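Take a look at the structure below.
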Amino acid sequence: MVLLAFLVQTLRIAIPYLFAAAGGVITERAGLIGLTLEGYMLGGAFGAALGSYYSGSPWVGVLAGVASGVLLALLYAVSALRFRGNQVVVGVAINLLVVGISRFFLRLAFDSSSNSPRIPGFAVGQSGSGLAALARNPLVWLGFLTAPLVAWLLYRTPFGLRVRAVGEHPDAAASVGVPVQRVRYLAAALSGLVAACGGVYLALDQHQFTDSMTAGRGFIALAATIFGRWDPVRAALACLLFAAAETLQIQLQGTQAIPSQFVEMIPYLLTIVALAGVVGRVTAPAALGRTAE
């Protein structure tokens, strides 16, 4: 039973990472730095809370959250591609913008500076934290399907070939007629859509939106993207590893054997150690962060 509870909690924690890492793979394979994953997730969570609360339907919340992620991704793409802003600076700015906007509209829409009222979600009933409730949530199944779907898109479709081409050799791709900017815009929008689903899952699973509820998950997902060598399946496995570390941290918080401050560091220490063993040994997409002329 203890092992089953550990597995269920790991799977629940992994879902937002799976969505965000898949979005990170798409955008970075297209040559765009994925620092905005945190903003996409937070924007998706707030959009889901607004849509679900005012419509009474979690499906409307999903649509509103996804739309928020796409809009933020297009804002990032316009800033980085059309106006040639530094992608790192623009990415940080988008994240800060979403934090500020969500706080402003949280007070405007719900008259609160910390959290929204309870909103409709998918998992209902007495077994809200068990395996049965997990299986009833369609976003859970979609989260597990995201990695193979993104792998199929990147490696088995003409669009995926173009995404990889503009991320590796944009000038060569342009020379054979590939519309580099258009492909990057589409990749950015798709990344925002997928990553926002991670925030949507958080809001609907917790049945409310809380200020900065993503709590750095987008950055851990970006680390999983790099640790997975920009491959969606490997990135998904890295997400499961990081989710297991976070679950272990939660389980150990109730013990007195290890100081709580050290326990809380476990997921982040694992992230640093994992990246330290990868960075320098793998090659990022050649045109990552570079705008084609």
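The values are calculated or read from the model by the stated rules, or taken from the named source; none is laboratory data. Please read these numbers as outputs of a predicted model, since none were measured by experiment. Ideal geometry is used to build each Cβ from the backbone, glycine not excepted, and the neighbour counts take in all protein chains shown. Calculation scope for accessible area: heavy atoms of the full protein, side chains included, ligands and nucleic acids excluded. Shrake-Rupley method; radii C 1.70, N 1.55, O 1.52, S 1.80 Å.
All of (1) open to solvent by 20 Å² or more (accessible area, probe 1.4 Å); (2) at pLDDT 90 or above; (3) farther than 27 Å from Ala64 by Cβ; (4) not polar (S, T, N, Q) hold for Phe144 with one exception: (3). Residues of the range 1-33 that are buried (at least 22 other Cβ atoms within 10 Å of the Cβ) and of a type in the set (Gly, Ala, Ser): Ala14, Ala20, Ala21, Ala22, Gly23, Gly24, Ala30, Gly31. No other residue among Leu4, Leu18, Leu96 is closer than 30 Å to Ala135 by Cβ and within 17 Å of the chain's Cα centre (by Cα) apart from Leu18. Looking only at residues in the range 191-232 that are among the acidic types (Asp, Glu) and outside any helix (DSSP H, G or I), the one that is nearest to the chain's Cα centre (by Cα) is Asp231.
Which of the residues spanning the range 224-276 are among the small types (Gly, Ala, Ser), in contact (Cβ under 8 Å) with a residue 12 or more places away in the chain and more than 14 Å from Ala20 (Cα to Cα)? Listed by number, the residues that qualify are Ala244, Ala245, Ala274.
Among the residues of the range 68-95, the ones that are open to solvent by 50 Å² or more (accessible area, probe 1.4 Å) and either more than 24 Å from Ala215 (Cβ to Cβ) or in contact (Cβ under 8 Å) with a residue 24 or more places away in the chain (or both) come to 9 in all.
Could you check, for the range 70-78, whether at least one of its residues is modelled with pLDDT of 95 or more, part of a helix (DSSP H, G or I), under 23 Å from Gly216 (Cβ atoms) and of a type in the set (Gly, Ala, Ser)? Among the residues of the range 70-78, at least one is modelled with pLDDT of 95 or more, part of a helix (DSSP H, G or I), under 23 Å from Gly216 (Cβ atoms) and of a type in the set (Gly, Ala, Ser), which makes the answer yes.
Within the range 150-184, how many residues are within 30 Å of Leu131 (Cβ to Cβ), touching a residue at least 24 places away in the same chain (Cβ under 8 Å) and open to solvent by 70 Å² or more (accessible area, probe 1.4 Å)? Of the residues in that region, 0 qualify. Is there a residue being part of a helix (DSSP H, G or I), aromatic (Phe, Trp, Tyr) and farther than 30 Å from Arg103 by Cα anywhere in the range 234-248? No, the range 234-248 has no match at all. The C-beta contact set for the range 188-202 (first residue more than 15 Å from Trp141 (Cα to Cα), second residue aliphatic (A, V, I, L, M) and open to solvent by 10 Å² or more (accessible area, probe 1.4 Å), distance under 7 angstrom, 6+ apart or interchain) comprises Ala188/Leu74; Ala189/Val70; Ala189/Leu74; Gly192/Val70; Gly192/Leu72; Leu193/Val66; Leu193/Val70; Ala196/Val66. Scanning the range 103-117 for residues that are open to solvent by 30 Å² or more (accessible area, probe 1.4 Å) and either of a type outside the set (Lys, Arg) or without any contact (Cβ under 8 Å) to a residue 40 or more places away in the chain (or both) turns up Phe104, Phe105, Arg107, Leu108, Ala109, Asp111, Ser113, Ser114, Asn115, Pro117.
State the number of residues belonging to the range 34-59 that are at negative phi and either open to solvent by 40 Å² or more (accessible area, probe 1.4 Å) or within 12 Å of the chain's Cα centre (by Cα) (or both).
Number of matching residues: 17.
Helices (runs of 4 or more DSSP H) fully within the range 82-156 that include at least 3 residues being over 23 Å from Ile15 (Cα atoms) and out of contact with any Lys or Arg (no Cβ under 7 Å at 6 or more places or on another chain): 87-110.
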